[in-house]
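Structure first, then comments.
The values are calculated or read from the model by the stated rules, or taken from the named source; none is laboratory data. Small disclaimer: the values here were computed from a predicted structure and weren't measured. Every residue, glycine among them, receives a Cβ derived from its backbone with ideal geometry; neighbour counts consider all protein chains shown. Heavy atoms of the whole protein, side chains included, go into the accessibility calculation; ligands, DNA and RNA do not. Shrake-Rupley method; radii C 1.70, N 1.55, O 1.52, S 1.80 Å.
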Amino acid sequence: MSTTAIVILIVAVVVVAAIIAFAVWSASRKRRTAELKDRFGPEYDRTVERADDTRAAEADLEARREHREQLDIRPLAPASRDRYLAGWRQVQARFVDSPPLAVQQADELVIQVMRERRYPVDDFEQRAADVSVDHPHLVEDYRQAHRVSVANDRGQAETEDLRRAMVHYRNLFEDLLETPDTADRQTG
């Protein structure tokens, strides 16, 4: 075999190997994207929309997942769950007479549940990131409720905004309690 033929054969092998490596990398990337879309649902699209590019968004979502895996999140004891449910009923009843106070207390109750379950609660953005891993379909509810709560603290929230915030808080609250019906909703 001539030197030219050997060089052509080596170049062909290198080109085929590069094509195969690219195909494997591309398939892996598509699989990773599909897994992240499946896990994070609408939060995937929100994160991609706000990021510089898809890779940065996916890296952010992976970092959230890895952070969440390091946490020792625990379910509530039945007595705690019952206590929080009773607290929620009181907060909801309070809405009739004082919507601003009810929203403030709903926010505090969600944070108390998160704290008892061992989520970090010092920073809202971190709470939202952690919620996005476990409750991706509710994290936007949480963000909206929090925005209203902040406006409420400044005296800038309308009653209808407060009502919507209560609904958003309730959705997350119920999932955080992990009652049998919310567990069915999460897996179904």
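Could you list all residues from region 143-158 that are open to solvent by 30 Å² or more (accessible area, probe 1.4 Å), free of Cβ contacts under 8 Å to residues at least 40 places away in the same chain and not in a loop (DSSP other than H, G, I, E, B)?
Correct list: Q144, H146, R147, V150.
Conditions: (1) at pLDDT 95 or above; (2) surrounded by fewer than 19 Cβ atoms within 10 Å (Cβ to Cβ); (3) not basic (K, R). T179 meets all but one. Number of the miss?
Exception for T179: condition (1).
Would you be able to tell me the number of residues in region 99-141 that are surrounded by 16 or more Cβ atoms within 10 Å (Cβ to Cβ), β-branched (V, I, T) and closer than 25 Å to Q156 by Cα?
4
May I ask you to list the residues in region 85-121 that are over 19 Å from D141 (Cα atoms), without any contact (Cβ under 8 Å) to a residue 24 or more places away in the chain and assigned to a loop (DSSP other than H, G, I, E, B)?
Selection gives S98 alone.
What are the residues in region 32-88 that are open to solvent by 40 Å² or more (accessible area, probe 1.4 Å) and among the polar types (S, T, N, Q), if any?
T54, Q70 - these are the residues of region 32-88 that are open to solvent by 40 Å² or more (accessible area, probe 1.4 Å) and among the polar types (S, T, N, Q).
Given the options A21, A5, A17, A12, name the one that is within 30 Å of R64 (Cα to Cα) and hydrophobic (A, V, I, L, M, F, W, C).
Exactly one residue qualifies, and that residue is A21.
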